[in-house]
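Accompanying notes for the structure given below.
The values are calculated or read from the model by the stated rules, or taken from the named source; none is laboratory data. Note that the structure is predicted; figures quoted are calculated from it, not measured. Positions of Cβ are generated from backbone atoms using ideal geometry, with glycine treated the same way; all protein chains shown enter the neighbour counts.
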Ligand SMILES: [Zn+2]
């Protein structure tokens with residue numbers, strides 16, 4: 001399969017490279033190399049749902065949620081849904097960091113999707129996002145309503161399309 005140079009057909013999520021880098025920098029800053037951090041990935045509700053146009057960091061919705069792992073509290077979802085309503089957005093995925101090179105889902109990641117909706121995509125970034133990270137360094141997980149399909153390496157990069165223009 002050709003990945004480099006492809007148009008991103010089959011991608012589950014697309015992000016502008018500038019947005020991708022800014023997101024990684026924020027995740028790294030918020031976890032400061034010692035704890036996990038994360039964010040919701042949103043798309044315009046009436047547009048291309050694979051195109052991530054907004055990133056909402058967990059700790060902006062729930063300041064107490066970064067406790068080593070991530071314990072996002074139910075009430076913070078109200079803020080998220082309100083924001084989706086006012087800004088015409090839909091949550092299409094989420095991203096969170098893991099320590100070292102570990103990008104497999106934890107039991108909690110698997111058992112408690114941040115949004116338990118078919119088609120939701122979860123991305124896991126290694127090294128607490130403290131290093132330059134390409135899509136082929138992360139893992140991508142697609143929720144089908146009951147379980148997950150997971151990809152790493154070039155397979156992950158084929159599903160997470162990061163380019164200058166998307
Ligand atoms: Zn995790």
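The set of residues in the range 109-132 that are without any contact (Cβ under 8 Å) to a residue 60 or more places away in the chain, within 11 Å of the ligand (Cβ to nearest atom) and crowded, with 21+ Cβ neighbours inside 10 Å comprises 122, 124. Taken as a whole, the structure leaves residue 43 outside the set of residues that are within 16 Å of the ligand (Cβ to nearest atom), assigned to a strand (DSSP E or B) and without any contact (Cβ under 8 Å) to a residue 60 or more places away in the chain. Looking only at residues in the range 104-142 that are in contact with a helix residue (DSSP H, G or I) (Cβ under 7 Å, 6 or more places away or on another chain) and part of a helix (DSSP H, G or I), the one that is farthest from residue 39 (Cα to Cα) is 136. Which of the residues belonging to the range 128-150 are under 23 Å from residue 25 (Cα atoms) and under 15 Å from the mean Cα position of the chain (by Cα)? Correct list: 128, 129, 133, 134, 135, 136, 137, 138, 139, 140, 141.
For residue 166, the conditions (1) within 16 Å of residue 36 (Cα to Cα); (2) touching a strand residue (DSSP E or B) at 6+ places or on another chain (Cβ under 7 Å) all hold with the exception of (1).
Given the condition over 18 Å from residue 70 (Cβ atoms), touching a strand residue (DSSP E or B) at 6+ places or on another chain (Cβ under 9 Å), free of Cβ contacts under 8 Å to residues at least 60 places away in the same chain and part of a strand (DSSP E or B), answer yes or no: does some residue in the range 85-103 qualify? Spell out the reasoning first.
First, the residues of the range 85-103 that are over 18 Å from residue 70 (Cβ atoms): 85-90, 92, 101.
Okay, now just the ones that are also touching a strand residue (DSSP E or B) at 6+ places or on another chain (Cβ under 9 Å), so 87-90, 92.
Going one step further and asking which of them are free of Cβ contacts under 8 Å to residues at least 60 places away in the same chain, we end up with 87-90.
When the remaining residues are screened for being part of a strand (DSSP E or B), the result is 89-90.
The answer is yes; a qualifying residue exists.
Considering the range 148-166, the residues that are assigned to a strand (DSSP E or B) and at pLDDT 95 or above include one that is surrounded by the fewest Cβ atoms within 10 Å (Cβ to Cβ), namely 149.
For residue 87, the conditions (1) farther than 27 Å from residue 152 by Cα; (2) within 12 Å of the ligand (Cβ to nearest atom) are fulfilled apart from (2).
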